[in-house]
Amino acid sequence: MIIEMRTYKIKAGHRSEFLETLESKAFPEHKKIGMKVLGPFLSVEDHDTFFWMRGFPDLQSRERMRDEFYEGKLWKAELEQKLMPNLEKFDVVIIDAPNGLGDWR
């Protein structure tokens, strides 16, 4: 399993709003496409930061699913304009987890 470990730093005071949109709109679309989602995990040291992961069967699936999401209507017509202005910084680390991570949503 290929896993993206994602760290997001949101503009001050916007984390709750950002997470609401991510959880209510983006995550369901991820799952519909076939991505696995784990998180979000909130930083207790920085109230504008959170972490989450998304999983894929392999690198080829990752590329296909990622393209399907970011080229899709939901991202292009709604989420990109709503989420990106509130995202100060993000980091993605891609790992190979041959045994998966257990029970993913």
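Criterion first (among the small types (Gly, Ala, Ser), over 14 Å from GLU4 (Cα atoms) and either at pLDDT below 95 or out of contact with any strand residue (DSSP E or B) (no Cβ under 7 Å at 6 or more places or on another chain) (or both)) does GLY100 satisfy it? Answer is no for this residue. For region 34-47, the set of residues classified as under 16 Å from ILE3 (Cβ atoms) and either of a type in the set (Gly, Ala, Ser) or surrounded by 15 or more Cβ atoms within 10 Å (Cβ to Cβ) (or both) consists of GLY34, MET35, LYS36, VAL37, LEU38, GLY39, PRO40, listed by residue number. Scanning region 1-55 for residues that are closer than 22 Å to LYS76 by Cα and among the hydrophobic types (A, V, I, L, M, F, W, C) yields ILE10, PHE18, LEU19, LEU22, ALA26, PHE27, ILE33, MET35, VAL37, TRP52, MET53.
Taken over region 49-76, residues that are buried (at least 17 other Cβ atoms within 10 Å of the Cβ) and in contact with a strand residue (DSSP E or B) (Cβ under 8 Å, 6 or more places away or on another chain) amount to 9. Got a number for residues in region 5-25 being within 13 Å of HIS47 (Cβ to Cβ) and of a type in the set (A, V, I, L, M)? The total comes to 3. Please tell me if PHE27 is within 14 Å of PHE90 (Cβ to Cβ), among the aromatic types (Phe, Trp, Tyr) and either crowded, with 17+ Cβ neighbours inside 10 Å or touching a residue at least 12 places away in the same chain (Cβ under 8 Å) (or both). Spelling it out, it is not the case that PHE27 is within 14 Å of PHE90 (Cβ to Cβ), among the aromatic types (Phe, Trp, Tyr) and either crowded, with 17+ Cβ neighbours inside 10 Å or touching a residue at least 12 places away in the same chain (Cβ under 8 Å) (or both).
Restricting region 1-13 to residues that are surrounded by fewer than 16 Cβ atoms within 10 Å (Cβ to Cβ) and not hydrophobic (A, V, I, L, M, F, W, C), which is modelled with the lowest pLDDT? Among those residues, the one meeting the criterion is GLY13. All conditions in (1) modelled with pLDDT of 95 or more; (2) closer than 16 Å to ILE2 by Cα hold for GLU78, with the sole exception of (2). Based on this model, can you work out whether GLU63 counts as of a type outside the set (S, T, N, Q) and in contact with a helix residue (DSSP H, G or I) (Cβ under 6 Å, 6 or more places away or on another chain)? Spelling it out, it is not the case that GLU63 is of a type outside the set (S, T, N, Q) and in contact with a helix residue (DSSP H, G or I) (Cβ under 6 Å, 6 or more places away or on another chain).
The values are calculated or read from the model by the stated rules, or taken from the named source; none is laboratory data. All values reported here derive from a predicted model rather than from experimental measurement. FYI the Cβ positions are ideal-geometry reconstructions off the backbone, even for glycines, and counts take in every protein chain you see.
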